[in-house]
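Chemist: So that we are looking at the same thing, I have put the structure below in structure tokens.
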Amino acid sequence: MDSMNFNIGIEDIGVAVLQELWNYVAFQAVDLVSEMRDMVLERDTFKEFSRSISELSTLLQALDAKKVEAAMGSEFTKSILETLNGQLRKARKIIKDCKSGSLFWFLLHSHSILLQMQELAKEIAKTISSFQLVNLDMALDLKTMTEQIINNLMTMELRSAAATETIAFEIENSISQNNKNQENAVKLLEKIAEAVGASANASLVQKELALLKQEKEEMEDQKKQAEAIQLSQLTQLLYSTEIVARPQNEDIPTHQQQHPITSFVCPLCNEIMADPVAIFCGHSFERKAIQDHFNGGKKHCPTCRENLLSLELTPNVNLRSSIEEWKQRDMDLKFQAAISAISSKDYSRQNKGLEDLQLLTEIPEYAIRVAEEGLIPKLVEFLKDSRLNTMATLKCLSFLAKNCDTHKEAFIEAGVVRRIVKQIYTGSQESRAWMVDDLLKMQIKENGMKDLEDRQFIQSLIQMLSSSSSAYKLICLKCIKKLIAYPKMAKWLLSDSTTIPALLGLISFFSPDPYLKQEASEILALLVEACPLPQFEMHQGLQELQSKQNISLFLQQIVYSDPQIKIQFLHLLVEISSKSDIARDLIRSNGDAVAHLFSSLDGDEPLVKRWILKLIHCISDDHPDGAPLPSSPGKGAAVNTLVAILTHSPDVEERCLAAGIISQLPKDDTIIDEMLHKSEVLKAIREVICSMEEEDNGMRAPAIVDKSLLENALAALLRFTEPTKPELQRQVGNLEFYPSLIRVLCSGSSLAKKRTAIALAQLSQSTSLSVSDATILATQAKNSMPLLQVIKNMPWCCSTSLDESLCAVHGAACSSRHTFCLIKADAVRPLVRTLSETESGVAEAALMALETLLTDHSTLTYATAAIVDSQGVVAILQVLEKGTLPARAKALDLFHEILKHTQISDSLFQRSERILIQLLQEDALKKKVALVLRQMNVIPDQSSYF
């Protein structure tokens, strides 16, 4: 019992200590908020941070430390509290240093100070998260507060106010340029005083000087020489206001040392450090140099020779920052010197300035400064003077073009394009390459192309493709690729007979640089794409691309190259095949290539797979033999692959291409029919077509469907609706496609409407005879036999129920779910509306579908009446006025049947008479027109038109 009491006592002491630490951290947060409350500078910026810390203090005081300890464990809880305490203490020190230090120093470093506080905010958020307070048994409002604090701190962005950034820039600019102008210094002091609500008087200057002196001594004690130099520069800036006299015994320091500060140089490699790290004894070295020292088996410090207890390396962030600041100031000085030199009249100074400037303009910051100072025209003028360093000038212009997006028009205005074109065929390979690189980086607009429309320039550009340097070739290829985007330049490149052979040389050359292959093939594809079909057939260079040798070469690149090069050659073959039947047939006849293309669909990268599908679709589309397939057993695998892509691929474009290829599969292949019959292809097609309209809580809303996917799915459907394939047709009927097909007629694209109309025509055509037979059987049976027994064996489907009202044309003969009827499917009116489509083939397909209603002579009166009631006569007359020749011919036949079996209004009769008389002028139609006019009693039976 005594032992138990003792243990309980120990635990109580532990909880008490933890509670005390908990309270201390809460008060630490309160103190931090208090410190931030009277900030003079960036007060608004710190408000958000202060508010979150205040909420944290409230949260900590509201929580029960004992509950947290019980849930998380005392050691873990203590560790987290200590971490949080350290973070709050660090933040408090930063704020105190800002308040007690120099205003000049704070303004100059406000950006980095705010970044430190922003990082601390994220660290504090992570520490609070590790408590997992939201998982504790605590009030909901406290959980909400916890989540809000973590979110606010984690996403907090502390940015300097615009006024602060402006002042900081002016301070930096003044000290970097060693500006001692008294008037400017006073104005700067007045801005700073206004920002803190003080007066720009001697008292403020003396206080700042004292603080700067103290901070400078501290930096020197800490061996932070770069910071000490900067503080000294701030001191000189204050003295230049002349508000306070400079002490007679104080020397004016130099602006910048010529050599790096000793502490910046690594004792091991004797180079300025880029990644300084401190070792156990406190000395710093370049990371790689000290790592090599340790990797050699040495365990002592190279500087003090002390044997080290640990070989751990710690990044010296302060030293690295000091080195970077020193480098920045050193480059600023070099930049000012270079600008001064090129503005002089001394050629040697100008050349030295150009050499320095070409190194600096590689850095975007300095390139922008050159452009902003208006030096682009001067550099362009330098290209005219042979006494100046042309190569250095070109490099400067090249880096300016690369790094100054907002000033690229200045190059064109300064005449740099014209100057480059004049010099590109007189200089060395290197200078020519730099000139081409300049062109590559410039934003040349269409109206600026006139400077490049020079045959000698084009020839020089093409000649550079035979350079011995792969780098120069690549620059030239990239420039050509950019120029092709302008139609005039594409025409100029194609007009040069050496362009295509030079590009082919880069592809066929033994083991060339793969990047050259890739760029050359892409340029060839772009040139083919840019050339209209008539010109393509006449252009000698492009004719070379479709030779058996070159097509074979391109196909080999698809087999043996890496994915990116494969894509470019697939693109090239797609472009050539889309304009050349010769190329299409060469690819189709290459059995090995076809087999490789289909086998690659199973495992290649998605983009390669997509381009392979594009090529197969291109060589299949509208070809009389359909899609090329590998020999068996590869044929079955190829078809299954296409089916799998259509039914399962998440990529819309892949499914679209697969549907297009399936629609082109050989029509009379019963093996393919059987495979498709057993597959899920038809369900996938139905899914695409039905997604035109989806039900959402009883309301119909249009779904976003890829237009091409729908069109190709409908093309694939046509195989299933062919009258010669009853088994496939029966599948269509079982899935009840027709409501969705009717919707496509109403809202699809012209091509979708055309294919839908053809499908409906084929479906209707297949059942017309069966419906006619059923009508006769139904009449004979009268009431002695149920209708269902009469027509139960009729093929495939349309209606969903026998309970619907009887068909106005066929009566009960088409009521079975195994028959399809345009009337029962409500397809007549949409088909009639489709007749107004002006796109080739749409109206003709709709007329073909409507004609299927007229195959049964016993129902012609009802069928024609149904067309007339659906405004069919008006639509037919529109076709006769504006339709294509094939559509007009079909419209005449349909109109003739309507006149035979149905009455039309007088106004329509008169209108049709006028239209038909005008059509008598069409030689191809006049006989049909005359027959119709005779039916209307407009012309006599013995007319010369017969």
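Chemist: Looking at ASP592, ASP581, ASP602, can you tell me which residue is acidic (Asp, Glu) and at pLDDT below 90?
Modeler: ASP602
Chemist: So, in segment 599-638, how many residues would count as being out of contact with any helix residue (DSSP H, G or I) (no Cβ under 9 Å at 6 or more places or on another chain) and acidic (Asp, Glu)?
Modeler: 1
Chemist: Pairs please, first residue from segment 587-602 and among the aromatic types (Phe, Trp, Tyr), second anywhere and not in a helix (DSSP H, G or I), Cβ atoms under 6 Å, 6+ apart in sequence or on different chains.
Modeler: Qualifying pairs under 6 Å: PHE598/PRO630.
Chemist: Here is a follow-up. Give the residue that is most open to solvent (accessible area, probe 1.4 Å), with candidates limited to residues of segment 539-555 that are assigned to a loop (DSSP other than H, G, I, E, B) and not hydroxyl-bearing (Ser, Thr, Tyr).
Modeler: In this case the residue turns out to be HIS539.
Chemist: Does THR779 satisfy being open to solvent by 70 Å² or more (accessible area, probe 1.4 Å), modelled with pLDDT under 90 and either of a type in the set (Ser, Thr, Tyr) or in a strand (DSSP E or B) (or both)?
Modeler: Yes: the conditions hold for THR779.
Chemist: Being in a helix (DSSP H, G or I), of a type outside the set (Lys, Arg) and open to solvent by 30 Å² or more (accessible area, probe 1.4 Å) is the filter here, so list the residues in segment 593-621 that pass it.
Modeler: ALA595, HIS596, SER599, PRO606, LEU607, TRP611, HIS617
Chemist: Let me ask something additional. Which ones in segment 622-667 are under 14 Å from SER708 (Cα atoms) and open to solvent by 50 Å² or more (accessible area, probe 1.4 Å)?
Modeler: Result: VAL652, GLU653.
Chemist: Which numbered condition in (1) open to solvent by less than 20 Å² (accessible area, probe 1.4 Å); (2) farther than 20 Å from THR819 by Cα; (3) modelled with pLDDT of 90 or more is the only one that LYS753 fails?
Modeler: Among (1) open to solvent by less than 20 Å² (accessible area, probe 1.4 Å); (2) farther than 20 Å from THR819 by Cα; (3) modelled with pLDDT of 90 or more, the lone unmet condition for LYS753 is (1).
Chemist: Let me ask something else. Assess whether ILE558 counts as being surrounded by fewer than 18 Cβ atoms within 10 Å (Cβ to Cβ), modelled with pLDDT under 95 and among the β-branched types (Val, Ile, Thr).
Modeler: no
Chemist: Quick one: how many residues across segment 281-331 are open to solvent by 50 Å² or more (accessible area, probe 1.4 Å), polar (S, T, N, Q) and touching a residue at least 24 places away in the same chain (Cβ under 8 Å)?
Modeler: Residues meeting the conditions: 3.
Chemist: Would you mind listing the helices (runs of 4 or more DSSP H) fully within segment 423-529 where at least 2 residues are over 27 Å from VAL574 (Cβ atoms) and modelled with pLDDT of 80 or more?
Modeler: Result: 455-463, 470-484.
Chemist: Helices (runs of 4 or more DSSP H) wholly in segment 631-693 with at least 3 residues that are touching a residue at least 12 places away in the same chain (Cβ under 8 Å) and farther than 20 Å from ARG755 by Cα - which ones?
Modeler: In segment 631-693, 634-648, 670-678 are the helices (runs of 4 or more DSSP H) which contain 3 or more residues that are touching a residue at least 12 places away in the same chain (Cβ under 8 Å) and farther than 20 Å from ARG755 by Cα.
Chemist: Moving to a separate point now. Would you mind stating whether GLU881 is within 23 Å of GLU839 (Cα to Cα), of a type in the set (Asp, Glu) and within 52 Å of the chain's Cα centre (by Cα)?
Modeler: In short, yes.
Chemist: Evaluate segment 338-345: report whether one residue or more is touching a Ser or Thr at 6+ places or on another chain (Cβ under 8 Å) and in a loop (DSSP other than H, G, I, E, B).
Modeler: no
Chemist: Here's a check for you: in segment 717-738, which residue that is free of Cβ contacts under 8 Å to residues at least 60 places away in the same chain and assigned to a helix (DSSP H, G or I) is surrounded by the most Cβ atoms within 10 Å (Cβ to Cβ)?
Modeler: Step by step, filter segment 717-738, then rank; the result is LEU717.
Chemist: Out of curiosity, is GLN942 open to solvent by 40 Å² or more (accessible area, probe 1.4 Å) and either touching a Gly at 6+ places or on another chain (Cβ under 9 Å) or touching a residue at least 24 places away in the same chain (Cβ under 8 Å) (or both)?
Modeler: Taking the combined requirement at face value, the residue does not satisfy it.
Chemist: Now a separate question. Only one of (1) within 28 Å of GLN765 (Cβ to Cβ); (2) in contact with a helix residue (DSSP H, G or I) (Cβ under 8 Å, 6 or more places away or on another chain) fails for LEU885. Which number is that?
Modeler: For LEU885, the failing item is (2).
Chemist: Of (1) of a type in the set (A, V, I, L, M); (2) open to solvent by 30 Å² or more (accessible area, probe 1.4 Å); (3) touching a residue at least 40 places away in the same chain (Cβ under 8 Å), LEU847 satisfies all except one. Which?
Modeler: Answer for LEU847: the failing condition is (2).
Chemist: If you take the residues in segment 153-183 that are assigned to a loop (DSSP other than H, G, I, E, B) and modelled with pLDDT under 75, which one is least open to solvent (accessible area, probe 1.4 Å)?
Modeler: That would be ASN179.
Chemist: Exactly one condition in (1) at pLDDT 85 or above; (2) open to solvent by less than 10 Å² (accessible area, probe 1.4 Å); (3) under 30 Å from VAL277 (Cβ atoms) is not met by GLU365; state its number.
Modeler: Of everything listed in (1) at pLDDT 85 or above; (2) open to solvent by less than 10 Å² (accessible area, probe 1.4 Å); (3) under 30 Å from VAL277 (Cβ atoms), GLU365 misses just condition (2).
Chemist: Quick one: how many residues across segment 335-350 are surrounded by 15 or more Cβ atoms within 10 Å (Cβ to Cβ) and among the charged types (D, E, K, R)?
Modeler: Here the count works out to 1.
Chemist: Right, here's the next one. Taking only pairs six or more apart or across chains, which ones have beta-carbon atoms under 8 Å, a first residue in segment 154-172 that is without any contact (Cβ under 8 Å) to a residue 24 or more places away in the chain, and a second residue that is open to solvent by less than 80 Å² (accessible area, probe 1.4 Å)?
Modeler: Taking only residues 6 or more apart or on different chains, the pairs are GLU170/LEU188.
Chemist: Could I ask something else about it? Which count do you get for residues in segment 250-280 that are modelled with pLDDT under 90, in contact with a strand residue (DSSP E or B) (Cβ under 8 Å, 6 or more places away or on another chain) and open to solvent by less than 40 Å² (accessible area, probe 1.4 Å)?
Modeler: 2
Chemist: Ok, one more. Within segment 463-485, can one find any residue that is over 32 Å from the mean Cα position of the chain (by Cα) and surrounded by 20 or more Cβ atoms within 10 Å (Cβ to Cβ)?
Modeler: yes
Chemist: Is there any pair with a first residue in segment 749-765 that is outside any helix (DSSP H, G or I) and a second that is of a type outside the set (Phe, Trp, Tyr) and open to solvent by 30 Å² or more (accessible area, probe 1.4 Å) whose Cβ atoms are under 7 Å apart and which are 6 or more apart or on different chains, and what are they?
Modeler: Taking only residues 6 or more apart or on different chains, the pairs are SER749/LYS707.
Chemist: Could you tell me how many of the residues in segment 480-526 are of a type outside the set (Phe, Trp, Tyr) and within 23 Å of ASP562 (Cβ to Cβ)?
Modeler: Qualifying residue count for the region: 23.
The values are calculated or read from the model by the stated rules, or taken from the named source; none is laboratory data. Computed from a prediction, not measured in an experiment: that's the story for all the values here. Positions of Cβ are generated from backbone atoms using ideal geometry, with glycine treated the same way; all protein chains shown enter the neighbour counts. Ligands, DNA and RNA are excluded from the accessible area calculation, which covers all protein heavy atoms including side chains. Shrake-Rupley method; radii C 1.70, N 1.55, O 1.52, S 1.80 Å.
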